[in-house]
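Q: Following this message is one structure expressed as structure tokens.
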Amino acid sequence: MYDIIGDIHGHADELVELLTKMGYSEQSDCFRHPCRRVIFCGDFVDRGPNIPDVVRIARSMVEGNAALAVMGNHEFNALAYHTPDPVAPDQFLRPHSKKNERQHLQTLRQFTDDDLATALAWFRTLPPNLDLGPIRVVHACWDAAGIDTIASAIRREGSFTAAFLKQATTPDDPLFEAVECVMKGPELRLPDGVTVTDKEGNVRRRIRIRWFDEPTDETWASYSLPAKPDLSSEPIPASAPAVPYPAQAPPVFFGHYWLPHATPAPLKPNIACLDYSIAKHGFLCAYRFDGEASLLADHFVMVPAKETQP
Ligand SMILES: [Mn+2]
């Protein structure tokens, strides 16, 4: 059975504590449990104090068959940041803007050039999603159409090659839309004049949403994820993006959404987010899956963020 772990963002001490708490111990090659495996939801890098150790621990577990992993938007962004644009070789596929550099700064500082190259090579091998039958795992959104688009681009161009990344960073390309939706989640544009401020102080005109719910009868406040009760209780437009997830489909796990440090619980009986804001003094979170069709609040395991922040 599986222990699914949310966004880690360089918090290696908390990762070791969480693995230990769940009965994993360090063997000659990697952390292992006698009868369980980890699934990582992605976002290993950026922000935290020990990114190289997080990548080393996760990678050794995946290579030792003690874990599976999907790619997060921060790994995707890192690949694009370090890949020259094939048609403008003095540029990179993710521009080296102040905002993008700030988001990636701890990764740039903590890795040697060689170790970063090795990490990027590993990121290229990560799948965008896992469909294991009884459960599904993705970084942000289980969008079947987007997942198909990414899978066929991988078959055509290779896994996160420069050609793949060029299409995936070109707005209006179907692959760009698919990666945005699957790894970053669909977003809803706020009404003119309304903005929100994200955790990094960036002013945003779009909000992350409960994509798995039908948008009918939802308000700006009720459809935001995490919930933003200060938003309007007016209905959202009929054109709002949505990827409704069927109640009878297998449980889906994802990270990405910076949920507040409240008591963890499934968002719906077959939907669980495991990102409880470790990078913002929150918790590193796992869900211990034992085959249940309806997810249970007492299967969440959490470790609080230590005070060390870079
Ligand atoms: Mn993310």
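Taken together, the values in this text are just the output of simple stated rules run on the coordinates, not laboratory data. Keep in mind the model is a prediction, meaning the values are calculated, not measured. When we count neighbours, we look across all protein chains shown, and the Cβ atoms used for this are built from the backbone with ideal geometry, even at glycine.
Q: If you average over every viewing direction, what projected area does the convex hull of the Cα atoms of the stretch 187-242 give, in nm²?
A: The Cα convex hull of the stretch 187-242, projected and averaged over all directions, gives 3.6 nm².
Q: So if I take the alpha carbon set of the stretch 34-110, get Rg, then get Rh from the Kirkwood formula, what is the Rg over Rh ratio?
A: Numbers: Rg = 14.7 Å, Rh = 13.8 Å.
That ratio equals 1.07.
Q: Report the full-extension gain for the segment ALA162 to GLU292: residue separation times 0.36 nm, less the Cα-Cα distance, to one decimal in nm. Please list the in-between numbers first.
A: Details: separation 130, 0.36 × 130 = 46.80 nm, distance 4.03 nm.
Full extension from ALA162 to GLU292 adds 42.8 nm.
Q: Give the lysines whose C-alpha is closer than 29 Å to that of LYS98, dropping any in the same chain fewer than 8 places away, or say none.
A: LYS166, LYS184, LYS199, LYS228, LYS280, LYS306
Q: What residue among ASN50, ASN129, ASN100 has the largest mean-square fluctuation in a Gaussian network model of the chain, using Cα springs under 10 Å?
A: Result for the chain, Cα springs under 10 Å: ASN100 fluctuates most.
Q: Let me ask something additional. Around PHE92, which amide H atoms from residues at least 5 apart in sequence, or from another chain, sit under 5 Å from its own amide H, with H modelled in the peptide plane?
A: Those lying under 5 Å, H to H, from PHE92 are ASP85.
Q: Give, as ranges by residue number, the residues of the stretch 137-163 whose backbone N falls under 12 Å from the point 7 Å along Cα→Cβ of ALA247.
A: No residues fall inside that zone.
Q: What percentage of all Cα-Cα pairs in the chain are separated by more than 24 Å? Working shown, then result.
A: Values: 24921 of 47895 pairs.
Tail fraction, whole percent: 52.
Q: Using amide H atoms built in the peptide plane, which far-off residues or other-chain residues are under 5 Å from PHE283 H to H?
A: TYR276, SER277, ILE278, ALA305
Q: Sequence gap at least 6, Cα distance under 8 Å: using those rules, report the relative contact order of the stretch 187-242 to the nearest whole percent. Could the numbers behind the result be given before it?
A: Working: 80 pairs, mean separation 17.1, N = 56.
Relative contact order for the stretch 187-242 comes out at 31 percent.
Q: Same structure again: If you count the DSSP beta bridges with both ends in the chain, what percent of them are antiparallel, to the nearest 5?
A: Numbers: 26 of 39 bridges.
Percentage antiparallel, nearest 5: 65.
Q: I need to check one value: relative contact order of the chain, counting alpha carbon pairs closer than 8 Å and at least 6 residues apart, in percent. All intermediate terms of the calculation are to be shown ahead of the outcome.
A: Values: 632 pairs, mean separation 61.8, N = 310.
For the chain, the relative contact order is 20 percent.
Q: So, R0 is 51 Å and r is the distance between the beta-carbons of THR219 and ILE154; what FRET efficiency does that work out to, to 0.05? Each step should come with its number before you reach the end.
A: On the way: r = 38 Å, r/R0 = 0.75.
Taking R0 as 51 Å, the efficiency between THR219 and ILE154 is 0.85.
Q: Sticking with the crude label model, points 7 Å out along Cα→Cβ, report the distance from SER60 to ARG109 in nm, one decimal please.
A: 2.5
Q: For the stretch 236-241, take each phi angle, set θ = phi - 60°, evaluate the Karplus expression 6.51 cos²θ - 1.76 cosθ + 1.60, and give the result in whole Hz per residue in order, putting x for glycine and proline.
A: 6, x, 4, 7, 4, x
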